[in-house]
1. Among residues belonging to the stretch 59-77 that are out of contact with any Leu (no Cβ under 6 Å at 6 or more places or on another chain) and hydrophobic (A, V, I, L, M, F, W, C), point out the one that is farthest from Val101 (Cα to Cα).
2. Which one of these is more than 22 Å from Leu2 (Cα to Cα) and among the small types (Gly, Ala, Ser): Ser51, Ser91?
3. Which of the residues belonging to the stretch 92-120 are among the aliphatic types (A, V, I, L, M) and without any contact (Cβ under 8 Å) to a residue 60 or more places away in the chain?
4. Is there a residue being closer than 22 Å to Asn119 by Cβ and touching a residue at least 60 places away in the same chain (Cβ under 8 Å) anywhere in the stretch 38-58?
5. Within the stretch 74-94, count every residue that is surrounded by 18 or more Cβ atoms within 10 Å (Cβ to Cβ) and out of contact with any Asp or Glu (no Cβ under 7 Å at 6 or more places or on another chain).
6. Scan Val112, Val97 and give me the residue that is buried (at least 17 other Cβ atoms within 10 Å of the Cβ) and in contact with a strand residue (DSSP E or B) (Cβ under 7 Å, 6 or more places away or on another chain).
7. Identify, by number, the condition in (1) modelled with pLDDT of 95 or more; (2) of a type outside the set (A, V, I, L, M); (3) loosely packed, with under 14 Cβ neighbours inside 10 Å; (4) closer than 22 Å to Ala117 by Cβ that Gln67 doesn't meet.
8. If you take the residues in the stretch 1-57 that are closer than 21 Å to Gly70 by Cβ and of a type in the set (S, T, N, Q), which one is surrounded by the fewest Cβ atoms within 10 Å (Cβ to Cβ)?
Amino acid sequence: MLVIGVHTLPPRDRPYANRHAEQLQALAKRIRIEKRPVIVLGDFNSTPWSSRYRRFLDEAGLVSSVQGFGAPGTWPAMLPMRIPIDHVLHSPSLRTVDRRVGPSVGSDHLAVTAVLAPNKP
């Protein structure tokens, strides 16, 4: 199994958005050649509704852990209204058994915890 931690640039302006897209494309390319199951987690600086994020999921062949669990916001932790930009993604050979967003612990992001297991044969 390969576990990859991610923190992409925020797409705050055109140069950053272009670099953000390049980071996701390079990561998808790396994941596609991997033979082992893959888990990718971290701050993607993208919501699940972003077309760039959805394209990344398709190109990488990954599944989001939010399926069946919802996508509560994770950033900014200090505000009551948050957006979900922190993700746990995995190969289709795995399934999400549990997924939670933790409390504020001093970061500007809330932690995401996911329990994954092999898919049943």
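The values are calculated or read from the model by the stated rules, or taken from the named source; none is laboratory data. Predicted model only: the values in this text are computed from it and were never measured. Heads up, the Cβs are rebuilt from the backbone with ideal geometry, glycines too, and the neighbour counts pull from every protein chain shown.
1. The extreme case among them is Ala60.
2. Ser51
3. Within the stretch 92-120, Leu94, Val97, Val101, Val105, Leu110, Ala111, Val115, Ala117 meet the criteria.
4. Taking every residue of the stretch 38-58 in turn, at least one turns out to be closer than 22 Å to Asn119 by Cβ and touching a residue at least 60 places away in the same chain (Cβ under 8 Å).
5. Number of matching residues: 7.
6. After ruling out the rest, the residue left standing is Val112.
7. Of (1) modelled with pLDDT of 95 or more; (2) of a type outside the set (A, V, I, L, M); (3) loosely packed, with under 14 Cβ neighbours inside 10 Å; (4) closer than 22 Å to Ala117 by Cβ, only one is false for Gln67: (1).
8. Top of the filtered list is Ser51.
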